[in-house]
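The values are calculated or read from the model by the stated rules, or taken from the named source; none is laboratory data. Values in this document were obtained by computation on a predicted structure and should not be read as measured data. Cβ atoms come from the backbone with ideal geometry, glycine included; neighbour counts cover every protein chain shown.
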Amino acid sequence: MDNVTSKSIIFSGYLNIVEYLVNNRFKRNLYAKTDINGDVCDYVVTGLVVNKKAGLAFFVKQSRPALYHLNDNTIIEAVAGNVDKGEDTTDAFIREVEEELNITLIKSEVSYIGDKYSSPGRMAEVCSFFIAHTENMPSSNRGGLAEENEDIEIITIGLDELRSFQSQDLKTQYLIEFYNRYVTTEY
C-alpha cells in the first residue's frame, strides 16, 4: 500500500499544484491540483467544436509552460479547462468554449464521449471529453481570459484536412481520431 510521506505546494495561483511524495518501492512523486482551500480539483474538460455547415473545426493555439524548453512553446489543441467546484462537466465545457473560442453553445449541441485519466501514473486528473456541433462561428480570432493569463489564437481547420491533421497534444489527437472514426464528417 502506498502512503503519502510529504506534501508541498509547488504552484499557487488561480489553483494550486500539490506535489505528493509517495512511499512505495518506486518513491515516486505524484501531482494533484487543488483549489485555494486544498480540495482536490483534478477534473478537466476538453472537446472538439465543429461547424459542419462551414466545414470547419475550431482549435486554440496558446503558450504552454511544459513547452518552454522548445523554440516555439505554443501548441494547437482542443478547447480545455478546469471544472469549477460543484460545476457540471457539460456546463464547464460550454463555459470553456465561450471563454476560449468566443462561441456560444447550448447543451443540445454537445455530446459527451466519456471520462479518461490523463496520466494516472503521475496525475490524479480526470478528463471529460465532448464533441460539439454548432452553426455558430467565433466572434473574433482571439480568445482567453485576461485574469487567467490566457492569450489564445483561434485556429480553424477544414474538416477534410482534419482527417490527416496530427496534434502534438494527446487529448486533441484522441478527439480527432474519435471524430474521424465515429462521427460522420460529410458536409
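If I go through region 154-168 residue by residue, how many of them are under 15 Å from residue 49 (Cβ atoms), within 17 Å of the chain's Cα centre (by Cα) and at pLDDT below 95?
Number satisfying all stated conditions: 1.
Taking the conditions exactly as written (under 20 Å from residue 44 (Cβ atoms), crowded, with 18+ Cβ neighbours inside 10 Å and touching a residue at least 24 places away in the same chain (Cβ under 8 Å)), does residue 145 satisfy them or not? Working first, answer last.
On the way: under 20 Å from residue 44 (Cβ atoms): yes; crowded, with 18+ Cβ neighbours inside 10 Å: no; touching a residue at least 24 places away in the same chain (Cβ under 8 Å): yes.
The answer is no for residue 145.
Give the number of residues within region 122-151 that are among the basic types (Lys, Arg) and not in a strand (DSSP E or B).
1
For residue 119, are the conditions met, namely being buried (at least 18 other Cβ atoms within 10 Å of the Cβ) and either free of Cβ contacts under 8 Å to residues at least 24 places away in the same chain or assigned to a strand (DSSP E or B) (or both)?
Details: buried (at least 18 other Cβ atoms within 10 Å of the Cβ): no; either free of Cβ contacts under 8 Å to residues at least 24 places away in the same chain or assigned to a strand (DSSP E or B) (or both): yes.
For residue 119, the condition - buried (at least 18 other Cβ atoms within 10 Å of the Cβ) and either free of Cβ contacts under 8 Å to residues at least 24 places away in the same chain or assigned to a strand (DSSP E or B) (or both) - is not met.
For region 67-115: of the residues being in a loop (DSSP other than H, G, I, E, B) and hydrophobic (A, V, I, L, M, F, W, C), which is modelled with the lowest pLDDT? Let's see the steps before the verdict.
Restricting attention to region 67-115, the residues satisfying the condition of being in a loop (DSSP other than H, G, I, E, B) are 68-73, 78, 83-88, 102-106.
This time we only want the ones that are hydrophobic (A, V, I, L, M, F, W, C), so: 70, 78, 83, 103, 105-106.
Values: 70: 70, 78: 97, 83: 89, 103: 96, 105: 97, 106: 96.
Once the filter is applied, the top-ranked residue is 70.
Here are the criteria: (1) surrounded by fewer than 14 Cβ atoms within 10 Å (Cβ to Cβ); (2) farther than 15 Å from residue 49 by Cβ. Tell me which single one residue 127 does not satisfy.
Exception for residue 127: condition (1).
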